[in-house]
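*Asks:* Input: one structure, supplied below.
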Amino acid sequence: MDVIRVKELYKSFPMGNSDTDILKGLDFVITEGEFVSIMGPSGSGKSTLLYLLGGLDTPTKGEVFVMGKPLNTMKENEKSLMRKRDVGFVFQFYNLVPNLTVEDNILLPLILDGKNPKKYQEKLDEILAIIAMQDRRKHTPRQLSGGQQQRVAIARALMFDPSILLLDEPTGNLDSKNSVELMKLFKSINQQFNKTIVQVTHSEEFAAYGNRIIHLKDGVIV
Amino acid sequence: MKIILKYIGTSMWEKKLRLLLFVVSIAFSTALLMVSMGIVRIQLDTIRRSVTDVLEEHEIMIASNTGADFFALDTLEQVGIDRVIPSIVLPSVLRNQDFESVMLYARDIDVISQYRFVEGSLETFMGAHTIISQRVAVYLGLALGDILEVTIAGAPIGLTVVGIVENAGLFYQDQRQQFNMLVPYGYVSEALGVEGLYNHVTARQTLDDTAASMALFNAHHEDFRAFAIYQEDIVIASVRNQQMTFFIMLAFIMLVATVILFGAFKLIMTERQKVIGTFFSQGATKRQMKLLLLSEGLMYGLLGGLVGILLGLGALYALHYSAAPLRAYGVIPRFVFEWELGFIALGFAMLFSVFACYVPVRSINRYEVKELILEQSPTLPNVKKKKFVVGMIFLISCFGMVYFGGDLAVTLSPLTLVLALCGLILVYPFIVSRLVKTLFPVFFPYVRFTALSMNNIRYSSSLRNNIAIMMIALISVITVVSLGKGIERIVIEAYTTLHFDIRVDQIKINDRDTRATIFAYLETHPLVQADSISEITYAHGHINGEYAQLEGIEPVKFAELLTYIDFSYKAGSYLEYLHPERHHIIASKTAANRLHLAIGDFVDLEINSVVSTFKVVGIVDAKLWNGGDTFFIHNDHMKEIFHNHNSIYFFHTTIAPSEAVDEIRSYFRDVGGITQTHQEMERMNTEQNQQLISMLNFFSLFAVIMASFGAINNMFISFLQRKKDFAVMASVGATRGQIGRMLVMESVLCVGFALVALLLYVSLHMRIVSQLAHSIGFSVDIQFVFLDSALLLMLSGVIYVLATIPLLMQSKKISIIQALKYE
């Protein structure tokens, strides 16, 4: 099943008086359960592509389909719903809410969806066990190391049981030991729960954890 | 919900200083609103309490329709009234003490039984005996058996103290220098030769409405008429100016507070960009995010509102305390706080906070989620020009209204003031931008860092917001200073154009004979210039059902006494129309505006329940004379139609007033009059006005301090937004000192731009404020007083520049790597 389908995707940004093309007519498909790594030099448009896949940014031209639904025609609220239920994000700088505890951060997508967090305690325990953070559940992000914060971000991304995980340089801010542990965690999530994962990375080593690599250069797939 | 509340709570608590800024701004606005609304209630309560207690909870006074001051009650029926208390009331002084003014209440035993005795009893209350209050006994060191010497019917009489009662009812207001005494009716009536007659009769209303009770009573009696003793609208009118002053200050403080809250919330938005982005990335909708942030605003409002209620309560209690007439004796009436006022204030605080936060929160619409996550500023359309055009339309409309709008300009002045300030705020960013664009290349080769600072203002909306905050605060400073000077000037002018040496006030005349006696005394006294005596009779009444202050004057004498008011018109003087044969009335401009009167209108004038029709023959600018809201009729009408006897006498003396005053004062003490020289009166009035000016000054200073808080806030926003720029400058060799100098220069330039804008706007503003003052009854033409304002403006400028210090400390912590890491 096609989880993500990209057709003739263009993205340009205004630079001075003219527009600069970041992505130039991309076409590709990602199927269910794939672990895809997007690689490329700085300015190749990797992160821009990831944000477009997650509906965080809008393309200049072309279409993105997530779970068969076109993002172009989706209203802002529908995109929010999609981000809540179908897609989980993990960012390089963790993007946790600093004044909420670990478990509050993990429960955030549910709260935003109007769900009663009390009913999800079992799920929460299960996810905390996956990321091995049961003993830190009442800590705030400030009291955690970078690796631990990133694991909380992963747990949050998994809370809604989304089909897709989008990872924006998830190891970019971590040391090599933590990075390896994290990549192993992603691999197991991919294999154990059949989650589709798309990650943006600079590292050949971590790109290899995926089963497919898309190389971007000057806005095109090479 | 719990997690969301926890998030809001921790977010609020995260930055304590900012929380304080929110709470202080909202609290002061709330407190001022409470004071503005509560002042009338406080004054009403205080006056109502002191009046109704002394009147023994009676609302109605009964007088004779025959004009006789002493009258019998044989034909009086208790219709519309009950609990009638008849008395003979006589003013006098204590001759064997320190010439205290006293009021003798001669009554029968059966109507004084309600007083609780501390010492003595009613058993011996007969003959030359008296009952006094406990407070007076303590202050004058009196005991049972002591004798007090008074004058009754011109003869000195010694009254023996046979009872000391608690300070309730008649004795509630007793003070050391002025108090009431009960004396036996039989004894006094015999001494005066008026047995069976009374000159002071009060009663309680039997219907819910005083007017209805009076109407019922009057319909049943030909010999008597009833009138209200205490009229609430008189008190309301007397505190109206004070209330309006509070409301004007509230408007300024609210304007400053709005800009501050606006800025503070913008800072929150800037700082939390990443968190907001995180929420979005987790599926939050823009509506959810806005609701979340507005809930935070609501919580600030709740917190600030609660603190504001406490502050307002404190301020209202202080006003209540200072209004208590007997506070020198430690007698403070019970302070009653109306919770309704608290709820209104809390509602206001929450709405105000949400309103002030709404615009920054709405800016969420402009952001792309990606921009938020990466903490990028949104690319905003250039709206300066559009705003400039709208602002110019506002300013030109205001200019047209202010200079060519006539009377409509006075009526619409509150709206014009708001519109003009909005116009100024909308116009200046474009002007600053254009100015900097022109000046930058000129300055850059010579003063690089100053030129760069100037350029920063052009590109940073936060720095430009600082100019707005400063402008508003500086405008409130010059408004207050100029208003104060205007009031001072007009008070001085009032006294230099009021031609008398001595004035005698508050004479409690109960009959025509006393009036004749007083007049005879003044006319024949060697120290008084007989042809200079001018009598003004005062009354409170209603015109077309609305409250009105009336002055009965003798036109020729009044024109000599007072040149402060210009009664002239093209063909002569309006005073010529005031004639004993014609029912004519002259209105002050403020009164005419309030009651929508024009020359030629006929009005129903009611005083003491007597109604008569008068024609408006003139409208004059009474400036601040008796508050500026007054009417003039002929003195004969006041006496003959309305039976009013409350007079003030003005006259010149044959020797220096300071030498003549003691002798005249000792005579008038016997009739309860207050004697003042021109100099004493001027001093007293200046002091009273000074209180108002000091209060205004306090608020303007407060506006400056609040604004400097706001300025710090905006400087921080601007700094955070430009952190990367500073890091880039540091990475290419700019020293901390140079960056610091640039930040200080930005503040100095903001102050400079604000001052320039202010000087360009000030003449329009002063004109609007003058019209606003006229609209609320202060007939003052306000001019910009540069020298007096200069010091305060300089002080304000220094405060703003000093506000840069916290920012300088923050700038030292800047980490080039951290700031540039996304690059």
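*Asks:* If neighbour count is taken as other Cβ atoms inside 10 Å, put B:D604, B:D505 in order from fewest to most.
*Replies:* With the fewest neighbours first, B:D604, B:D505 line up as B:D604, B:D505.
*Asks:* Of B:C398, B:C422, how do they rank once you tally other Cβ atoms within 10 Å and put the fewest first? Write out the running numbers ahead of the final one.
*Replies:* Details: B:C398 27, B:C422 16.
The order, fewest Cβ neighbours first, is B:C422, B:C398.
*Asks:* Here is a follow-up. Which one, B:T66, B:T416, A:M39, is farthest towards the positive end of the dipole of the protein assembly as shown when Lys and Arg carry +1 and Asp and Glu -1 on their Cβ?
*Replies:* Checked the options; the winner is A:M39.
*Asks:* Could I ask something else about it? Under the Karplus relation 6.51 cos²θ - 1.76 cosθ + 1.60, θ = phi - 60°, what is the ordered set of whole-Hz ³J(HN,Hα) values for the stretch A:92-99, x standing for Gly and Pro?
*Replies:* Using θ = phi - 60°, the values come out as 4, 9, 6, 6, 9, 7, x, 9 Hz.
*Asks:* A further question on this structure: Show me the ranking of peptides A:60-66, A:45-51 by mean Cβ neighbours inside 10 Å, starting with the highest.
*Replies:* Ranked by mean Cβ neighbours within 10 Å, highest first: A:45-51, A:60-66.
*Asks:* If you don't mind, there's one more thing I want to ask. Karplus couplings for the stretch B:439-444 from phi (6.51 cos²θ - 1.76 cosθ + 1.60, θ = phi - 60°), rounded to Hz, Gly and Pro as x?
*Replies:* Rounded to whole hertz, the list is 7, 3, x, 6, 7, 3.
*Asks:* Let me ask something else about it. Relative to the longest principal axis of chain A, what angle (0 to 90°, nearest 10) does the C-alpha long axis of helix A:146-158 take?
*Replies:* It works out to around 80 degrees.
*Asks:* Sequence gap at least 6, Cα distance under 8 Å: using those rules, report the relative contact order of chain A to the nearest whole percent.
*Replies:* 32 percent
*Asks:* Once amide H atoms are built 1.01 Å from N in the peptide plane, which residues 5 or more positions from B:A622, or in another chain, come under 5 Å H to H?
*Replies:* B:K589, B:T590
*Asks:* Place a +1 charge on the Cβ of each Lys and Arg in the protein assembly as shown and a -1 charge on the Cβ of each Asp and Glu, then give the dipole magnitude about the Cα centre in debye, rounded to the nearest 20.
*Replies:* Values: 91 positive and 98 negative charges, 1745 e Å.
That gives a dipole near 8380 debye.
*Asks:* Amide H to amide H, which residues 5 or more places from A:N72 or on other chains are under 5 Å from it, using H placed in the peptide plane?
*Replies:* A:V64
*Asks:* Moving on. Which listed residue (B:Y577, B:S770, B:L148) has the Cα farthest towards the positive end of the charge dipole for the protein assembly as shown, taking +1 on Lys and Arg C-beta and -1 on Asp and Glu C-beta about the Cα centre?
*Replies:* Sorting the options by dipole projection puts first B:S770.
*Asks:* Determine the sum of side-chain charges near B:I3: Lys and Arg each +1, Asp and Glu each -1, restricted to other residues whose C-beta is under 12 angstrom from that of B:I3.
*Replies:* That works out to +2.
*Asks:* How far, in degrees from 0 to 90, does helix B:232-271 lean away from the longest principal axis of the Cα atoms of chain B, to the nearest 10?
*Replies:* Relative to chain B, helix B:232-271 is tipped by roughly 10 degrees.
*Asks:* Still on this structure, please answer the following. So for chain B, averaging the separation of alpha carbon pairs under 8 Å that are six or more residues apart and normalising by length, what relative contact order in percent results?
*Replies:* Working: 1355 pairs, mean separation 130.6, N = 823.
Rounded, it is 16 percent for chain B.
*Asks:* Give me the percent relative contact order of the stretch B:500-676, please, defined on Cα pairs under 8 angstrom at least 6 residues apart.
*Replies:* Across the stretch B:500-676, relative contact order equals 38 percent.
*Asks:* Still on this structure, I have one more. Could you list which residues have their amide H under 5 Å from that of B:D501, counting only those 5 or more apart in sequence or on another chain, with H placed in the peptide plane?
*Replies:* B:F651, B:H652, B:T653
*Asks:* Between B:N626 and B:V611, what is the spin-label point distance in nm, taking each point 7 Å from the Cα along the Cα→C-beta axis?
*Replies:* 2.2 nm
Every read-out reported here was derived from the displayed coordinates using simple, explicitly stated rules and does not represent laboratory data. Being a predicted model, the structure only gives us computed values, none of them experimental. Note that each Cβ is placed from the backbone with ideal geometry, even for glycine, and that neighbours are counted across all protein chains shown.
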